[in-house]
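Note sheet for the following structure.
The values are calculated or read from the model by the stated rules, or taken from the named source; none is laboratory data. Computed from a predicted model, the values in this text were never measured in an experiment. Please note: Cβ atoms are built from the backbone with ideal geometry, for glycine as well, and neighbour counts cover all protein chains shown. Just the protein is used for accessible areas: all its heavy atoms, side chains included, with ligands, DNA and RNA removed. Shrake-Rupley method; radii C 1.70, N 1.55, O 1.52, S 1.80 Å.
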Amino acid sequence: MEIWKVGFVRMVLGLSILVECGVSDMYSSKLVHRFSDEVRKVRVSRNGEVGVVWPQHRSFEYYGKLMNSDLQRQKMKLGPQFQLLFPSQGSKTMPLGNDFGWLHYMWVDIGTPNVSFLVALDAGSDLLWVPCECVQCAPLSASYYSSLGKDLNEYNPSGSSTSKFLSCSHQLCELGSNCKNPKQPCPYTVNYVSEDTSTSGVLVEDILHLASDSRMAANGSARAPVTFGCGSKQTGGYLNGVAPDGLMGLGPGEISVPSRLAKAGLVRNSFSLCFKEDDSGRIFFGDQGPADQQTTSFLPSEGQFVTYVVGVESCCFGSSCIEQTSFKAIVDSGSSFTFLPDQIYDRVVKEFDRKVNATKASFEGYPWQYCYKSSSEVLPKIPAFTLKFTANSSFIVQAPIFMIYGSQGAVGFCLAVEPSVIEIGTIGQNFMTGYRMVFDRENLKLGWLLSDCEDLTDNNRLPLAPADGNSPNSLPAEQQNTPNSSGVAPAIAGKTPSNSAAPTSRGMPSKLCLTKLLFQLLLVSSYF
């Protein structure tokens, strides 16, 4: 039997392998550690290296070199894929105050040529939609939004060379049964919990422009095909300043932007949101969070994961937990504030009132029932509010109160929670403040870790500006003193998300053994 003798080949676990492989299905191998004397002799004989410095077995340098090698291998496995993605105009999100419903917004670029849209971020719904072929839309003129200083945009399908309508026969078309012809454009309607708030139109596919933190990418940018709503008709809050230029649903449904990016294999099936105390924020697609974050599992609804629901075991002030305060809650960036089920709300606010040392007051125009007098000089000590989750994980709310300001500074504060009109609660933006909130859809977990919302990788500070170095469209962060009485509530459920679309590796037939080994030799050449 003819034998092919092959030299040392680099292995994943820091090993080299001496393989003899024949035309039959049988082969034998000898495992040799990459820092062994045998490998050192080969390097000297091949490269003419004299006095090769070899790390001492089990020394600090020894483990350091192994770790560095593993990190390089991880980068090689990623290939051309991105590690983290965010909209091409930067990862920064912006609060725009009462005029925009107290939600967080960011600029996204869609189409070819690209057009910019200022979309609200909503983890409680699935669909990305923008105003398009408007029959009934909010005004888009800058004169209606004093903080913008420029007009908002309307999407024009015929103006983008990469735009195409989804047909009624497409798998993402939920209303296909209402179509007379399977080839006609797919209609959509999303009704939100907020009274009489909805969007409707037809579904379109076009390019979403993204940037990357990955050094593996040639130009740090990506063009991702996404499905979104060409919203010709809006109702309710969407006509009154809430999301006038569109909304990005971040829910677990198959049609959401995180789902489409994961399905395309561009990122892991996860994303993170981070909101600072100054109300600025960040978003990163593909972020699964650091190893030391706390986590709790998402809960299914009727056997499906249709929104981000978690189970709260108890509510606590300081070290004292309130009895009978377990409930389920939707984690929703599309709700400005937090809502508790009626009975839970009563117990929580009464305990807060008992512990806070301040005079109760009322402030006209504010929706909260438990408000107190204060001054900018003397702010009473606020009891720490904690949500206890399963597996001993605790979520300490960094900003449970809302400060109220007058012409001379702070005049009071309110406990920024309201009773829910439904049996399930909502953890809104105000409770997420100060945390990197990780929506790990791949492992069906919510993660959180205190963060300054700047450094979202363990070692590298991520860019906040576009990949081309230009500054994103900037907006002033001024806010009105009077909050809106309610934020956008989450949408009714979408579809169950598919599992991560990362390709699976398959074994290679034994007849390709030689080809496989030659490929491995090419890979290892950079290591020797």
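Quick look at the values:
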| read-out | value |
| --- | --- |
| Criterion (without any contact (Cβ under 8 Å) to a residue 24 or more places away in the chain and touching a strand residue (DSSP E or B) at 6+ places or on another chain (Cβ under 9 Å)) met by exactly one of I382, I401, I424 | I401 |
| Residue within segment 236-245 that is surrounded by fewer than 18 Cβ atoms within 10 Å (Cβ to Cβ), of a type outside the set (S, T, Y) and at pLDDT 90 or above present | yes |
| Those residues of segment 313-339 which are within 22 Å of S125 (Cβ to Cβ), open to solvent by 10 Å² or more (accessible area, probe 1.4 Å) and among the charged types (D, E, K, R), in sequence order | K328 |
| Residues that are β-branched (V, I, T) and at pLDDT below 90, drawn from segment 380-403 | I382, T390 |
| Which listed residue, of P244, P258, P290, is of a type outside the set (K, R), within 15 Å of the chain's Cα centre (by Cα) and assigned to a loop (DSSP other than H, G, I, E, B) | P290 |
| Scope segment 147-163; condition exposed (fewer than 14 other Cβ atoms within 10 Å of the Cβ) and farther than 25 Å from W102 by Cβ; matching residues | N156, S158, G159, S161 |
| Subset tally (residues that are out of contact with any Ser or Thr (no Cβ under 6 Å at 6 or more places or on another chain) and either crowded, with 18+ Cβ neighbours inside 10 Å or touching a residue at least 12 places away in the same chain (Cβ under 8 Å) (or both)) for segment 284-299 | 10 |
| In segment 377-409, the residues that are of a type in the set (S, T, N, Q) and open to solvent by 70 Å² or more (accessible area, probe 1.4 Å) | N392, Q398, S407, Q408 |
| Single unsatisfied condition, E205 versus (1) out of contact with any Phe, Trp or Tyr (no Cβ under 9 Å at 6 or more places or on another chain); (2) surrounded by fewer than 21 Cβ atoms within 10 Å (Cβ to Cβ); (3) not in a loop (DSSP other than H, G, I, E, B) | (1) |
| Elements of type strands (runs of 3 or more DSSP E) contained in segment 100-139, each with 3 or more residues being more than 22 Å from the chain's Cα centre (by Cα) and either surrounded by fewer than 24 Cβ atoms within 10 Å (Cβ to Cβ) or aliphatic (A, V, I, L, M) (or both) | 128-136 |
| Residue match in segment 206-217 (condition: modelled with pLDDT of 90 or more, in contact with a Leu (Cβ under 9 Å, 6 or more places away or on another chain) and small (G, A, S)) | yes |
| Residue satisfying all of: in segment 190-202; hydroxyl-bearing (S, T, Y) and touching a Lys or Arg at 6+ places or on another chain (Cβ under 9 Å); surrounded by the fewest Cβ atoms within 10 Å (Cβ to Cβ) among these | S198 |
| Odd one out for V310, checked against (1) open to solvent by 10 Å² or more (accessible area, probe 1.4 Å); (2) of a type outside the set (D, E, K, R); (3) part of a strand (DSSP E or B) | (1) |
| Criterion violated by Q369 - all others in (1) under 26 Å from the mean Cα position of the chain (by Cα); (2) open to solvent by 50 Å² or more (accessible area, probe 1.4 Å) satisfied | (1) |
